[in-house]
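Nothing in this text is a laboratory measurement; each read-out follows from the coordinates by a stated rule. Predicted model, so just to flag it, every value in this text is computed and none were measured. Neighbour counts run over all protein chains shown; Cβ positions are idealised from the backbone, glycine included.
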Amino acid sequence: MPLITTKKMFKKAYEGGYAIGAFNVNNMETIQGIVEAGKLENAPLILQVSSGARKYANPLYLKKLVDAAVTDSGLPIALHLDHGDSFELCKDAIDGGFTSVMIDASHHSLEENIAITKRVVEYAHDKGVVVEAELGRLAGIEDAVNVSAADAMYTNPEEVYEFVSKSGCDSLAIAIGTSHGAFKFKSEPKLRFDILEKVSKLLPNFPIVLHGASSVPQQFVKQIQLYGGDMPGAQGVPEEMLRQAASMAVCKINIDSDLRLAFTAAIRKHMSDNPTHFDPRQYLAPAREQVKEIVRHKLLNVLGCSGKATEIL
Ligand code: G3H
Ligand code: 13P
Ligand code: ZN
C-alpha cells in the first residue's frame with residue numbers, strides 16, 4: 001500500500017483509546033530503527049519531517065527513504081510535515097508527496113491563525129492531504145518558532161471550537177504543559193489534563209495532538225553522562241501521563257528527543273568502547289538498534305498501538 005493520511009489512524013486510535021507515535025526523522029538509520037520496531041510490533045506509524053530536517057537532509061532524500069520504508073514494511077505509514085510555519089512550506093510538502101502537514105501559526109493572533117490554517121486546509125484537502133494545526137504555545141524550541149518559557153501559553157478551551165470549525169483543520173495540537181527538548185520540567189512534572197478534558201468535551205471525536213512528548217529515558221541520559229556527555233537535569237514527560245493522554249482524546253504523540261538520546265547514547269558508548277573504529281557503519285548500527293528498542297517499547301508500553309496496523313490496512 002502507498003503512504004496514507006492519518007484519517008483512519010486517528011479514527012481507530014480515538015475509538016480504541018490508544019495513540020499513534022509520530023517520530024521525527026532526519027536520516028536513514030533513524031527511519032530504519034523506527035520501521036523495524038513498527039514491523040516487530042505490527043504498528044501504524046507517522047514519520048515526520050521538520051524544516052530543520054528538510055534543510056539537513058533535503059526533503060527529496062527523506063521522501064525516497066520513507067517510500068522505501070513503506071515498500072519494505074507494508075505497514076500503514078503517514079509522512080507528515082512537522083511545524084510548517086508558512087503556507088508556502090506546507091504547499092511544498094504537499095506537492096512533494098507528504099500525506100499530512102502541520103501548519104503552526106500558533107504564535108499569531110487567533111484570527112490570523114484561523115486565516116493561515118484555513119488557507120493551508122483548502123490547498124491540502126483539494127489534494128487529499130490532512131492538516132494539523134496548533135492552538136496555544138509550547139515552551140522550548142519549536143522548529144522555526146522559538147518560544148521561551150515565559151511566552152508559553154496553555155491552550156484556551158474557549159477558543160478551540162471556533163478555531164476548528166472556522167479553519168477546517170483535521171487535528172489539533174494543544175498546549176497542556178509539555179515542551180520540546182530534553183529539559184521539560186524544572187521540578188515535578190505536571191500536565192493540565194483538565195484542559196485536555198474540556199477540549200475533548202467541546203470537540204467530540206476530534207483527534208488531539210501532543211507535542212513535546214518525549215519521556216527522556218534516564219538510562220540514555222546516564223549512558224550519555226557516563227561516556228563524556230553532559231546533560232544534568234534532563235527530564236521528560238512520565239510515561240504514565242502519556243498513557244493517560246493516549247487513553248483520552250490524544251491520537252498523535254510526537255517523539256523526537258528520545259530518538260536523539262537513544263542514537264547519541266549508543267554512539268558515545270561505542271566510540272568509548274572501540275577507540276580504533278572509524279567506519280561509520282560500526283557506530284551507526286548500534287545507534288539504529290537502540291532507536292529500534294526505544295520505539296518498540298513506546299509502541300507496546302506507552303502508545304498502546306502494537307498490533308493495530310491490521311485494523312488500518
Ligand atoms: O518540534 C521540534 C522537533 O523536535 C524538530 O526539531 O527542528 O531540530 O528538527 P528540529
Ligand atoms: P520532543 O522534543 O519532546 O521529542 O517533542 C518532539 C515534537 O514535538 C516534534 O514536533
Ligand atoms: Zn513539536
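Among the numbered criteria (1) surrounded by fewer than 19 Cβ atoms within 10 Å (Cβ to Cβ); (2) within 16 Å of ligand 2 (Cβ to nearest atom); (3) on the phi > 0 side of the Ramachandran plot; (4) not charged (D, E, K, R), which one does PRO238 miss?
The one condition PRO238 does not meet is (3).
Can you name the number of the only condition in (1) within 13 Å of ligand 2 (Cβ to nearest atom); (2) surrounded by 23 or more Cβ atoms within 10 Å (Cβ to Cβ) that PHE183 fails?
For PHE183, the exception is condition (2).
Just to be sure before I move on: is ALA93 in contact (Cβ under 8 Å) with a residue 60 or more places away in the chain, of a type in the set (A, V, I, L, M, F, W, C) and closer than 24 Å to CYS251 by Cα in the structure I sent?
no
Only residues that are under 25 Å from LEU261 (Cβ atoms) and small (Gly, Ala, Ser): list them for the stretch 182-204, please. Steps first, answer last, please.
In the first step, residues of the stretch 182-204 are kept if they are under 25 Å from LEU261 (Cβ atoms); the result is 182-191.
Scanning the stretch 182-204 gives ALA182, SER187.
Hey, can you tell me all the residues within the stretch 220-233 that are surrounded by 12 or more Cβ atoms within 10 Å (Cβ to Cβ) and either touching a helix residue (DSSP H, G or I) at 6+ places or on another chain (Cβ under 9 Å) or part of a loop (DSSP other than H, G, I, E, B) (or both)?
Scanning the stretch 220-233 gives PHE220, VAL221, LYS222, GLN223, ILE224, LEU226, TYR227, GLY229, MET231.
Within the stretch 188-219, restricting attention to residues that are within 16 Å of THR178 (Cβ to Cβ) and of a type in the set (Gly, Ala, Ser), which residue is surrounded by the fewest Cβ atoms within 10 Å (Cβ to Cβ)?
Of everything passing the filter in the stretch 188-219, SER215 is surrounded by the fewest Cβ atoms within 10 Å (Cβ to Cβ).
Can you tell me which condition THR5 does not meet? The list is (1) within 17 Å of GLU132 (Cβ to Cβ); (2) touching a strand residue (DSSP E or B) at 6+ places or on another chain (Cβ under 8 Å); (3) assigned to a helix (DSSP H, G or I); (4) more than 16 Å from ligand 3 (Cβ to nearest atom), and all the others hold.
Answer for THR5: the failing condition is (3).
Criterion first (of a type in the set (S, T, N, Q) and touching a residue at least 12 places away in the same chain (Cβ under 8 Å)) does SER214 satisfy it?
On the way: of a type in the set (S, T, N, Q): yes; touching a residue at least 12 places away in the same chain (Cβ under 8 Å): yes.
Yes.
If a residue must be more than 16 Å from ligand 1 (Cβ to nearest atom) and either buried (at least 22 other Cβ atoms within 10 Å of the Cβ) or charged (D, E, K, R) (or both), how many such residues does the stretch 246-264 contain?
Here the count works out to 4.
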